[in-house]
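See structure below.
The values are calculated or read from the model by the stated rules, or taken from the named source; none is laboratory data. The shown structure was predicted, so the numbers you read here are calculated from the model rather than taken from an experiment. For neighbour counting, all protein chains shown are included, and Cβ atoms are generated from backbone atoms with ideal geometry for every residue, glycine included.
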Amino acid sequence: MHGTYEANLAMHNADLIFGVGVRFDDRTTNNLDKYCPNAKVVHIDIDPSSISKNVRADLPIVGSADVILETMLKLLVEQGGTNDEAALTAWWDDIASWKERNCLGYETSEERIKPQQVIEVLHKLTGGDAFVASDVGQHQMFAALYYPFNKPRRWINSGGLGTMGFGFPAAIGVKFAYPDEEVVCVTGDGSIQMNIQELSTAMQYDVPVKIINLNNRFLGW
């Protein structure tokens, strides 16, 4: 849902899915009956109840991700072996062909500002360095796709929980933690109303959070 065309096809056509600390939420999998039909699934999670909860794991591994990954890397080095260069080349060629579709392209209009344009301009003005907190809805998808993040922990959202009203309070909290950083809340007309009363909190404590409301005059999709 938040990914590109080529990323979704790469996932769908993969023969091995390595899930580390993921829930395989329906916002990622969509129709479970059609999810990665040809792939073996390795699922690593510290919580055993999360493994095979949504997607059946062919190889479930319970434990701390860092310990497991470090152990697996050591085993790979010890076992050695060579890559199947022909298969890798064919795989990268497939991905390159999917990228040619340019799924993030869009037509501009002189009559109205497109939401994609808003997020792209936001990225340009902030140099891609802002903390971006998002609510839930179409605006969340636009922010995820059109604001490239090159630093960790800059994309603040409720993920698969789908929590409307999360964005603005989260942005206020981030601004308290990082007062010298640029903090932006990307929201929509439905989500902003869930906690719009927090405007008084921002005013009371002088928290200069930027708010971008992508108002599509519609609740939902």
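Just a few scattered comments:
- Looking only at residues in segment 20-47 that are of a type outside the set (D, E, K, R) and at pLDDT 95 or above, the one that is nearest to G137 (Cα to Cα) is V20.
- For segment 131-146, the tally of residues that are over 21 Å from D25 (Cβ atoms) and surrounded by fewer than 21 Cβ atoms within 10 Å (Cβ to Cβ) stands at 1.
- The set of residues in segment 22-54 that are touching a residue at least 24 places away in the same chain (Cβ under 8 Å) and in contact with a strand residue (DSSP E or B) (Cβ under 6 Å, 6 or more places away or on another chain) comprises C36, A39, K40, V41, V42, H43, I44.
- Qualifying residue in segment 100-109 (condition: part of a helix (DSSP H, G or I), of a type in the set (S, T, Y) and out of contact with any helix residue (DSSP H, G or I) (no Cβ under 6 Å at 6 or more places or on another chain)): no
- Every residue from segment 32-73 that is of a type in the set (D, E) and either farther than 25 Å from N13 by Cα or assigned to a helix (DSSP H, G or I) (or both): D33, D47, D66, E70
- In segment 171-198, residue nearest to the chain's Cα centre (by Cα) [restricted to those that are in a loop (DSSP other than H, G, I, E, B) and over 21 Å from Y147 (Cα atoms)]: G190
- Scanning segment 100-153 for residues that are touching an Asp or Glu at 6+ places or on another chain (Cβ under 8 Å) and among the small types (G, A, S) turns up just one, A130.
- Any hit, segment 82-94, residues being buried (at least 18 other Cβ atoms within 10 Å of the Cβ) and either polar (S, T, N, Q) or under 23 Å from the mean Cα position of the chain (by Cα) (or both): no
Okay, residues lined up against (1) within 18 Å of the chain's Cα centre (by Cα); (2) at negative phi; (3) assigned to a strand (DSSP E or B):
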{"site": "V132", "(1), (2), (3)": "yes, yes, yes"}
{"site": "V136", "(1), (2), (3)": "yes, yes, no"}
{"site": "L145", "(1), (2), (3)": "yes, yes, no"}
{"site": "K151", "(1), (2), (3)": "yes, yes, no"}
{"site": "P169", "(1), (2), (3)": "no, yes, no"}
{"site": "S200", "(1), (2), (3)": "no, yes, no"}
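- Check on V132, among the aliphatic types (A, V, I, L, M), more than 19 Å from M164 (Cα to Cα) and in the same structural domain as P208 (by TED's automatic domain parsing): no
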